[in-house]
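Written below as structure tokens is the structure these notes are about.
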Amino acid sequence: MIETVKHLIGSGGPSGFGSRSTADHVTATSDLRSLTAIITGATSGIGAETARVLAKRGARLVIPARSLKTGEETKSRILSEFPDAEIIVMHLDLSSLASVRRFVADFESLHLPLNILINNAGKYAQKHAISEDGVEMTFATNYLGHFLLTKLLLKNMIETAEQTGVQGRIVNVTSVIHSWFSGDMLQYVADISRNNRNYDATRAYALSKLANVLHTIELSRILHKMDANVTANCVHPGIVRTRLTRDRDGLITDLVFFLTSKLLKSVPQAAATTCYVATSSRLRNVSGKYFLDCNEARTSKSGSCNLKAQRLWTASELLVTPASTPNVYQTFNYFLTNEAMYV
């Protein structure tokens, strides 16, 4: 109850910021002119505002987009406000592992440094669908594509941090909805990647967001073990009506958003936590944490389980291995059957 009241009135936490802070507000003292940032899902909603504000602070932006036309439109909007901004639009379909690999190869060919990676893109697939790699679409887009993207970009980020002395930042955008998932993650993904018998859109979305949290925990542990000058944190941006809900427009959805309108954030407010975690000097060496309203918070019990994080990471490594992707269901079942050898 106390937390709800704090959210409603927007009272600041230890960071000095709260639910009513905006992305502009939390980056007011940030100078990003020497930094390069990749932001997925930057063509609309929270991602677009994140891109706008980081460009305002001087960062060079790389905007991956499934539609290059939409990406160029986003670039034009930002340039109309900040003509000196440097923005590169590149094709990326996160639901396709081949597309992720092509994007990284194309990015590496530019010989650019990489300081900030914001895994923001999200999909809520109301209807059951399977990616070209044989993985349920929500999990493939929200989690697995970002897992591979981060894995392939990590070497560049570590080298950039070593060469510049500027700590790299990886920010995974998740959701408080991650706490809604219960059960065996891998078994459920295996089941819904084979057929739609047990598919539930909200449960699949919650699972993908729990995977984002667990990815952050294990990635942070690995970075620490490598002594890399790169941090990884995850954020819940808050509840805001963006294009993410476009598949669920209707009377019930409209009614829910009306009744909860006092808890909703504007897009600039929703982008604040992402921008804060990606840029704030106060978060140097802070890694493996979960943030909401620009302050560190607690995840669900499942979202803080190191064993689940390691288990998911190992399974994900198998899934993004090219030889395994044609037989995703078999890969999951192999892992589930032999998981004792991986934990």
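The values are calculated or read from the model by the stated rules, or taken from the named source; none is laboratory data. Bear in mind that the values here come from a model prediction, so they are computed numbers and not experimental data. Quick reminder, even Gly has a Cβ in these numbers, built from the backbone with ideal geometry, and neighbours come from all protein chains shown. Note: accessible area is taken over every heavy atom of the protein model, side chains too, but ligands, DNA and RNA are not part of it. Shrake-Rupley method; radii C 1.70, N 1.55, O 1.52, S 1.80 Å.
I need a count of the residues in segment 223-243 that are farther than 23 Å from Gly18 by Cβ and either touching a residue at least 12 places away in the same chain (Cβ under 8 Å) or aromatic (Phe, Trp, Tyr) (or both).
Summing the residues that are farther than 23 Å from Gly18 by Cβ and either touching a residue at least 12 places away in the same chain (Cβ under 8 Å) or aromatic (Phe, Trp, Tyr) (or both) in segment 223-243 gives 8.
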Just the residues that are surrounded by fewer than 21 Cβ atoms within 10 Å (Cβ to Cβ) and either closer than 15 Å to Phe103 by Cβ or in contact with an Asp or Glu (Cβ under 8 Å, 6 or more places away or on another chain) (or both), please, taken from segment 61-73. Arg66, Ser67, Leu68
Does segment 190-200 contain at least one residue that is in contact with a strand residue (DSSP E or B) (Cβ under 7 Å, 6 or more places away or on another chain) and either under 22 Å from Leu94 (Cβ atoms) or of a type in the set (Val, Ile, Thr) (or both)? yes
Complete set of residues in segment 232-264 that are open to solvent by 10 Å² or more (accessible area, probe 1.4 Å) and at pLDDT 95 or above: His236
Within segment 176-217, work out how many residues are surrounded by 22 or more Cβ atoms within 10 Å (Cβ to Cβ) and closer than 30 Å to Leu32 by Cα. 8
Scope segment 265-311; condition touching a strand residue (DSSP E or B) at 6+ places or on another chain (Cβ under 9 Å), at pLDDT below 95 and farther than 22 Å from Ser21 by Cβ; matching residues: Gly303, Ser304
Residues to consider are Asp133, Asp184, Asp191; find the one that is modelled with pLDDT under 95 and touching a helix residue (DSSP H, G or I) at 6+ places or on another chain (Cβ under 6 Å). Asp133
If you check Val173, Val100, which single one turns out to be under 30 Å from Tyr199 (Cα atoms), surrounded by 22 or more Cβ atoms within 10 Å (Cβ to Cβ), touching a strand residue (DSSP E or B) at 6+ places or on another chain (Cβ under 8 Å) and not polar (S, T, N, Q)? Val173
If a residue has to be in contact (Cβ under 8 Å) with a residue 12 or more places away in the chain and assigned to a loop (DSSP other than H, G, I, E, B) to count, how many in segment 91-125 make the cut? 16
Would segment 132-152 turn up any residue that is in contact (Cβ under 8 Å) with a residue 12 or more places away in the chain, surrounded by fewer than 20 Cβ atoms within 10 Å (Cβ to Cβ) and not in a helix (DSSP H, G or I)? yes
Out of Gly47, Gly41, Gly13, I need the residue that is open to solvent by 10 Å² or more (accessible area, probe 1.4 Å) and within 15 Å of Gly238 (Cβ to Cβ). Which one? Gly13
